[in-house]
Every structure is written in structure tokens, then in C-alpha cells.
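Colleague: I have a structure I would like to understand better, so I am pasting it below and will then ask my questions one at a time.
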């Protein structure tokens, strides 16, 4: 796996992975109003808005996943369905933690996203509580409940 800063040419692949991954993980556990807003076009717009804070994981010449950072937050983290269960997500998480740098870092995991929660806990992140979290949409922010995960990142 090679992790590189995202380029404009990567945006379509990132948006596709994000759209598919979001629906796989969230569609059944968030309000229907939010799911209805999560169109491919919305993910394309959001990808473009966050591209300069995005890194992509390359495996065999294709984008296998990505992460987005927002200061001390691991804002988004997705691995393509084709690479789930291969160990690629763990490698991508190591890359995300290195990009975050040392110190207390955090991420939001939608309450009920048990698969992601297990992965984060296996990766050393600790559930710190439930918080309201404002998610961006094309029609303005919506608030959902998330598990806040934290990790004291120490780079060696």
C-alpha cells in the first residue's frame, strides 16, 4: 500500500468509495432524511471541498481507500468494499495516525456502526462517550449522535 496526498484526478474515485461506503455503514442507522440527502453528487461536492486534507491508499494501481483530516480529527476513513477484510484498513489507519501527528486525536463513529467501532477499538482507539455531532449536507447541517473515539498518538 502506498499512501499519497489526494490529487484532483482522484476525486471521482474517492467520491464513489465514500458514497458506497457511507450507505453500506450508515443508511440503516441514521435518520431517513439524512440518507435521502446522501447522493453521489453530494459526495462529489464534499470530496472536492475536502480534497486538500485527503490522502488516498493505492494498491495495485487503484485507490483502495482514503482518509480525511480536520485538525486533530480523523474526519473520514473509508476502505473500498473490494479491500475490506484484507488487512488494508489497518495499514491505512497507521497512515492516518502518522498524518495526524502526535497528541490526543479523535474521530466520530455513528452510534450503531458496530463494524467500524470494532475496527477502531482493535486499532487502539478508545470510546470516550456519546456526543451530538453536526454533519454537513447540501441543505445545511444535521445533528446525529456519535461515539467519540480518542487515541493518544505517539509516533516512533
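Where a number appears in this text, it was derived from the coordinates with a stated rule and is not lab data. The structure displayed is predicted, hence computed values, not measured ones. Ideal geometry is used to build each Cβ from the backbone, glycine not excepted, and the neighbour counts take in all protein chains shown.
Colleague: Of the residues 30, 56, which is crowded, with 20+ Cβ neighbours inside 10 Å and out of contact with any helix residue (DSSP H, G or I) (no Cβ under 9 Å at 6 or more places or on another chain)?
Modeller: On the way: 56 fails: out of contact with any helix residue (DSSP H, G or I) (no Cβ under 9 Å at 6 or more places or on another chain).
On inspection, the qualifying residue turns out to be 30.
Colleague: So, one more: Report, by residue number, each residue of segment 78-92 that is over 11 Å from residue 17 (Cβ atoms) and touching a strand residue (DSSP E or B) at 6+ places or on another chain (Cβ under 7 Å).
Modeller: Within segment 78-92, 88, 89, 92 meet the criteria.
Colleague: Another one. I'm told residue 11 meets every condition in (1) part of a helix (DSSP H, G or I); (2) within 22 Å of residue 130 (Cβ to Cβ); (3) in contact with a helix residue (DSSP H, G or I) (Cβ under 6 Å, 6 or more places away or on another chain) except one. Can you identify the failing condition by its number?
Modeller: The single condition residue 11 does not satisfy is (2).
Colleague: Something else about it: With respect to residue 20, is the statement that it is surrounded by fewer than 13 Cβ atoms within 10 Å (Cβ to Cβ), assigned to a helix (DSSP H, G or I) and touching a residue at least 24 places away in the same chain (Cβ under 8 Å) true? Let's see the steps before the verdict.
Modeller: Numbers: surrounded by fewer than 13 Cβ atoms within 10 Å (Cβ to Cβ): no; assigned to a helix (DSSP H, G or I): yes; touching a residue at least 24 places away in the same chain (Cβ under 8 Å): yes.
Here the answer is no, as residue 20 does not meet what is asked.
Colleague: Ok, one more. Looking at (1) assigned to a helix (DSSP H, G or I); (2) more than 16 Å from residue 4 (Cβ to Cβ); (3) touching a residue at least 60 places away in the same chain (Cβ under 8 Å), which is the only condition residue 29 fails?
Modeller: Condition (1) is where residue 29 drops out.
Colleague: Ok, one more. Identify the residue in segment 118-156 that is in contact (Cβ under 8 Å) with a residue 40 or more places away in the chain, farther than 24 Å from residue 91 by Cβ and part of a loop (DSSP other than H, G, I, E, B) and, among all such residues, is nearest to the chain's Cα centre (by Cα).
Modeller: Here the residue is 136.
Colleague: In the set 83, 66, which member is in contact with a helix residue (DSSP H, G or I) (Cβ under 6 Å, 6 or more places away or on another chain) and crowded, with 20+ Cβ neighbours inside 10 Å? Write out each step before concluding.
Modeller: Numbers: 83 fails: in contact with a helix residue (DSSP H, G or I) (Cβ under 6 Å, 6 or more places away or on another chain).
Just a single option satisfies the conditions, and that option is 66.
Colleague: Taking the options 133, 149, 120, name whichever one is surrounded by 12 or more Cβ atoms within 10 Å (Cβ to Cβ) and touching a helix residue (DSSP H, G or I) at 6+ places or on another chain (Cβ under 6 Å). Show your work before the answer.
Modeller: On the way: 133 fails: touching a helix residue (DSSP H, G or I) at 6+ places or on another chain (Cβ under 6 Å); 120 fails: touching a helix residue (DSSP H, G or I) at 6+ places or on another chain (Cβ under 6 Å).
Matching residue, one of 133, 149, 120: 149.
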